[in-house]
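To start, the structure itself, in structure tokens.
The values are calculated or read from the model by the stated rules, or taken from the named source; none is laboratory data. If you're wondering where the values come from, they're calculated on a predicted model, not measured in any experiment. We place every Cβ from the backbone using ideal geometry, glycine too, and count neighbours over all the protein chains shown.
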């Protein structure tokens, strides 16, 4: 059985209130009737509050629902675009495991070190032993690897 609508609830409450009103008319004055009058007054106040609060709450919920629907539509569009992007990426040729194949290393000349040494000596020159400052001469002698192990 589905839940009643707000209008059905209001109709049911009004019928109940009419029955309570008839009971109040036929009941003798006393403490029980006084309690029933207080209870019906409280129910009437709550019912009036519900008549004003419920429609506003319903509008707020409808607004939130529309916002959620709009957000959902945006996310569905984004998801569809991502699926297309994924399908396009899956259709591309596969890259070998480990990524791209690196190019073969260039062959290294084992004589590069000695060639560099000779080039530096030729460009900047080894100071002659007679002219050289003793401290500078020691540095050059330390750097002169050909005679280094001979000492």
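Might you check whether a residue that is out of contact with any helix residue (DSSP H, G or I) (no Cβ under 6 Å at 6 or more places or on another chain), at pLDDT 80 or above, assigned to a helix (DSSP H, G or I) and surrounded by fewer than 10 Cβ atoms within 10 Å (Cβ to Cβ) occurs anywhere in segment 128-147?
Taking every residue of segment 128-147 in turn, none turns out to be out of contact with any helix residue (DSSP H, G or I) (no Cβ under 6 Å at 6 or more places or on another chain), at pLDDT 80 or above, assigned to a helix (DSSP H, G or I) and surrounded by fewer than 10 Cβ atoms within 10 Å (Cβ to Cβ).
Can you tell me how many residues within segment 20-79 are out of contact with any helix residue (DSSP H, G or I) (no Cβ under 8 Å at 6 or more places or on another chain) and more than 25 Å from residue 7 (Cα to Cα)?
Total meeting the criteria: 23.
Show the residue pairs meeting these rules: Cβ distance below 7 Å; 6+ apart or different chains; first residue within segment 3-20 and part of a helix (DSSP H, G or I); second residue modelled with pLDDT of 90 or more.
These pairs meet every condition: 6/54; 13/47; 20/40.
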